[in-house]
Amino acid sequence: MPTDDYEIEDIKVLEGLQAVRKRPAMYIGSTDKKGLHHLVYEVVDNSIDEALSGYCTLIEVVLKQDGSVSVTDNGRGIPVEIHKKYDKPGVEIAMTMLHAGGKFDKTAYKVSGGLHGVGVSVVNALSKWLEVEVKRNKKKYYQRFEGGTPVGNLKEIGTADGTGTKVTFYPDTEIFEEIAFDYETLSKRLQELAFLNKGLTIRIENENDGRQEQFSYDGGIIQYVKYINKNKNCLFNEPIYIRGEKNGVDIEIAIQYTDGYTENIFTFVNNINTHEGGTHLSGFKAGITRVINDYGKRNVFKKDEILSGEDIREGLTAILSCKIPEPQFEGQTKTRLGNSELKGIVESLIYDKLSIFLEENPTISGVVLDKALRASRAREAARRARELTRRKGLIESSALPGKLADCSSKDATQSELYLVEGDSAGGSAKQGRDREFHAILPLRGKILNVEKSRLDKILENKEILAIISAMGTGIGDEFNIDKARYYKVIIMTDADVDGAHIRTLLLTFFFRYMRELIEAGFVYIAQPPLYKIVKGKQELYAYSEKEKNKIIQDIGKASIHRYKGLGEMNPPQLWETTMDPAHRILKRVTVEDAVAANLLFSILMGEDVEARREFIEQHAKEVMNLDI
Ligand code: 0RA
């Protein structure tokens, strides 16, 4: 029988989880698709912690037919023993008490205190039901919860070989807007986790369509860099690998150069992508700049020659992964590392180790120095080109492009810029728009592929120049979001392969030269309808196959028109279906998964023509609906 104290404790616990249900966003960020997927990451994080402690080698995620998800690992199993203070088995404590994990589990690099890392009890609180199975002490245990509350005690249900934990949960439909998991989203994150934790095997399976994958990388981030550079021309074969440990901070770096012009540095802290950078990234940049300049001075430079950080990072692909006992995350999305000691630790690590590597590998050093020197010269030429365009007034906001039909509002927060494919659709958009808030910029020619060109070439492209001057923000290092003339930039292209191509080119440009615009959530993709369905006087629009089928089911026989281009709609139709804020559908572009976006960009835009053809054939549908 429970004692009085125990009941009081019980009520407190219930209150704890009630708080999570009341304000889910405080614990998992949001209750949209992103928050939903976060539930899976939360459970997986616990298994990863077990792997980081050296006890778990396999994690398996299964999307079940009934809509639930299971996460299984072969770790030690959540303790089933009765915890003296709470008089309950560890499993029940872990599932019902907020932040219980940390209290009896002190692993070196817990992600708790990180981005979310709130513990599996939060997942329980936000699930309609959750079942946990533990294999421990040669026995198998089971407990079920509903809405976070145990229905029955932890039970022994049989014998077991080995150890491990399996958590199966069904998200609560009263909490989440939708509860359908996206295989692709989960798979990408799990692959990333497998790259970041070498030797760990992660499997994913979708019982609904039989898809399954297994990720396992003995080379860890070395393989990650190779994967990112898969379709690029690399300047040397094996990525340079650096590892070091200091004051409980574990740092791994993998580096490879390509013949491209962009830099791709991805940084992680305790497996969390630090999109906003921070002290570790500053240390990395300072270290690599210093070590390459010092090597250059000793070996190749003429007197007084010096390379800028940008020159040195042209064509660089790098992964920097840090495991830190007490990370401090800052910034708008809590993805900037604040720990001040990291700058020095990373800087001296890369300086010392890369210095030795460069001395021992003169051929590679020569190639890298040569690349940086070329970059330096090209940048000088680009600076002159920019100066020239500026003198001509081409990229000043005072000289707006002739093709731009600007809006009358001067309030940027309310203003929207539509980038429209083709002059004819551009014309319709100009007639159909709301003049007060909608600016229209028709794009005629092909947009330059910025992935293949340096800045001086890019600034010769009329379409791109028009976008830059319309936006008013400048680009690259000079980008200033405070000068944005519109808080929404909406890409409006045809729903065909050409449209997808133009959209990708534009996104590549924004990704490379105005990334902050994407990060601020200013970039959108318009969703024109795919079908017009006419029955008698009734005209309906469908934006997906599914919607079309539903409409046909509801209204019966009707004539169906498939839209091929924006040009098929007259101005009022274009307004009604695609531009009217009351009805339109806009997809916001995110750089959430910059690695995946970059990979897609390089496959679609890079050197390897064969890879591009294959990719487009395999993913024609996704490319059409590209939402990176
Ligand atoms: C607390 C202590 C121990 C393991 C775990 C928690 C643990 C939690 C999860 C969650 C998912 N998988 C997990 N695997 C392990 C260590 C207990 C011991 O000393 O044996």
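Miscellaneous remarks
- Placing dummy labels 7 Å off each Cα toward the beta-carbon, the span from LEU465 to ILE555 is 4.7 nm.
- Here, the stretch 40-82 has an Rg and a Dmax of 11.4, 34 Å when only alpha carbons are counted.
- Residue-wise HN-Hα couplings along the stretch 532-540, as the Karplus relation 6.51 cos²θ - 1.76 cosθ + 1.60 with θ = phi - 60° gives them from phi, are 10, 10, 10, 9, x, 8, 7, 10, 10 Hz; Gly and Pro carry x.
- log₁₀ of I(q)/I(0) at q = 0.05, 0.08, 0.09 Å⁻¹ - the chain, Debye sum with one point per alpha carbon: -0.27, -0.69, -0.86
- Compared with the direct C-alpha span, the chain from VAL367 to GLU436 gains 19.4 nm at full extension, assuming 0.36 nm per residue.
- The calculated FRET efficiency for LYS483 paired with LYS546, based on their beta-carbon distance and R0 = 60 Å, is about 0.90.
- Antiparallel bridge percentage (DSSP; both residues within the stretch 467-543; nearest 5): 60
- Computed from phi, the 3J(HN,Hα) profile of the stretch 258-265 under the Karplus parametrisation 6.51, -1.76, 1.60 (θ = phi - 60°) reads 10, 7, x, 10, 9, 10, 10, 10 Hz, with x in place of Gly and Pro.
- Whole-number D in µm² s⁻¹ for the stretch 353-496, Kirkwood Cα-pair radius fed into Stokes-Einstein, 4 °C, 1.567 mPa s: 74
- Under-5 Å amide H pairs with ILE265, H placed in peptide plane, nonlocal only: ALA318
- Overall Cα dimensions of the stretch 170-229 - principal axes, largest extent first, Å: 43, 23, 21
- Its DSSP H runs of at least 4 residues, each contributing -39,500 (n - 2.57), put the calculated 222 nm mean residue ellipticity of the chain at -12000 deg cm²/dmol, to the nearest 500.
- LEU58 long-range amide H proximity, modeled H, under 5 Å: ASN74, THR201
- Within the stretch 125-139, backbone nitrogen closer than 15 Å to the virtual label 7 Å beyond the Cα of THR159 toward Cβ: 136-139
- Share antiparallel - DSSP beta bridges, the chain, percent rounded to 5: 75
- Counting charges near GLN332 (Lys, Arg +1; Asp, Glu -1) among other residues having Cβ under 12 Å from its Cβ returns a value of -2.
- Average projection, convex hull of the Cα set of the stretch 113-231: 10.4 square nanometres.
- Under 5 Å between amide hydrogens, built in the peptide plane, is the criterion, and for TRP129 it picks out GLY147, TYR170 among residues at least 5 positions away or on other chains.
Here, each number is a calculation from the coordinates, and none is a lab measurement. These numbers come from a predicted model, not from an experiment. Cβ coordinates were reconstructed from backbone atoms using ideal geometry, including for glycine residues, and neighbour counts include every protein chain displayed.
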